[in-house]
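Everything below concerns the one structure shown next.
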Amino acid sequence: SRHVTAPATVPLSVGGGRLVEVGSYGSSDVRAELRDRDGTVVAASDDRPDDWSFLLASQLPAGRYTLRVLPVGASSAACTVSVRELGNQDERPLAAGERREIATGQDSHLVPLTGLDQGGLVVVTATSRETVGLELESGGEGTWQSVGRAAGLQARLVAAVPASQKLRLRVWSAD
């Protein structure tokens, strides 16, 4: 973690292949933009669920990035910025309509979804005592793409998915 006074620019290096979470904590409202080497915004956040601090969580390719931390409603704001890369833990498949409890810990949990071969609307809900992140991904063979994302104490993710796509759910603690 690193203490910054916004507006501030923080260089980041990412190893790739994992979920990267960048967040802030503090008593001032801040927002963030994460830019790739070319200056393109690849992620942005104003508020994490139930808080005015920012939270970015993305699968990022390996490389160098720049985090821009900006004050909201003031000319400057102090906060602590933290970065963590979460490991991937494979879970057993989850069938449509099935309920499951997952102890999140320090990893992101990859849950294959079954019984959704027809495509259509997928709804995933999670209730937790801590902020939980959900990401629905489609693809396979190392080329997974995000279809939708949600976070909160009562996170709800709704996404339309095409037929014949492999789907998995990524679940992690965002606290």
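Checked against the criteria, residue 133 does not count as crowded, with 17+ Cβ neighbours inside 10 Å, touching a residue at least 60 places away in the same chain (Cβ under 8 Å), at positive phi and touching a strand residue (DSSP E or B) at 6+ places or on another chain (Cβ under 8 Å). Within region 78-95, residues that are among the charged types (D, E, K, R) have Cβ atoms under 7 Å from residues that are in a strand (DSSP E or B) in these pairs: 84/21; 85/20; 90/110; 91/109; 91/110; 91/111, counting only partners at least 6 apart in sequence or on another chain.
Here is a list: 51, 90. Which entry is out of contact with any Ser or Thr (no Cβ under 6 Å at 6 or more places or on another chain) and over 20 Å from residue 145 (Cβ atoms)? Step through it out loud before you land on a result.
Working: 90 fails: over 20 Å from residue 145 (Cβ atoms).
Sole residue among the options that is out of contact with any Ser or Thr (no Cβ under 6 Å at 6 or more places or on another chain) and over 20 Å from residue 145 (Cβ atoms): 51.
Residues in region 44-87 that are assigned to a strand (DSSP E or B), among the polar types (S, T, N, Q) and at pLDDT below 90 were compared, and the one that is least open to solvent (accessible area, probe 1.4 Å) is 58.
Considering only region 101-113, state which residues are surrounded by 13 or more Cβ atoms within 10 Å (Cβ to Cβ) and either of a type outside the set (Ser, Thr, Tyr) or touching a Lys or Arg at 6+ places or on another chain (Cβ under 6 Å) (or both). So that I can check it myself, show each step before the final result.
Our first condition is that a residue be surrounded by 13 or more Cβ atoms within 10 Å (Cβ to Cβ); within region 101-113, this holds for 102, 104, 107-113.
If the condition is that a residue be surrounded by 13 or more Cβ atoms within 10 Å (Cβ to Cβ) and either of a type outside the set (Ser, Thr, Tyr) or touching a Lys or Arg at 6+ places or on another chain (Cβ under 6 Å) (or both), then 102, 107, 108, 109, 110, 111, 112, 113 are the ones that fit.
Taking first residues from region 7-18 that are in contact (Cβ under 8 Å) with a residue 60 or more places away in the chain and more than 22 Å from residue 72 (Cβ to Cβ) and partners that are part of a loop (DSSP other than H, G, I, E, B) and open to solvent by less than 60 Å² (accessible area, probe 1.4 Å), the Cβ contacts under 7 Å between residues at least 6 apart in sequence or on separate chains come to 14/60.
Mind listing whichever residues of region 113-140 are modelled with pLDDT of 85 or more and among the aliphatic types (A, V, I, L, M)? Passing the criteria: 113, 121, 122, 123, 124, 126, 132, 134, 136.
Evaluating residue 145 against the criteria (1) over 25 Å from residue 4 (Cβ atoms); (2) under 18 Å from the mean Cα position of the chain (by Cα); (3) crowded, with 16+ Cβ neighbours inside 10 Å leaves one unmet condition, (3).
The values are calculated or read from the model by the stated rules, or taken from the named source; none is laboratory data. Predicted, not measured: the structure shown is a model, and the values here were computed from it. Glycine also receives a Cβ, built like all others from the backbone with ideal geometry; neighbour counts cover every protein chain displayed. With ligands, DNA and RNA removed, areas are computed over all heavy atoms of the protein, side chains included. Shrake-Rupley method; radii C 1.70, N 1.55, O 1.52, S 1.80 Å.
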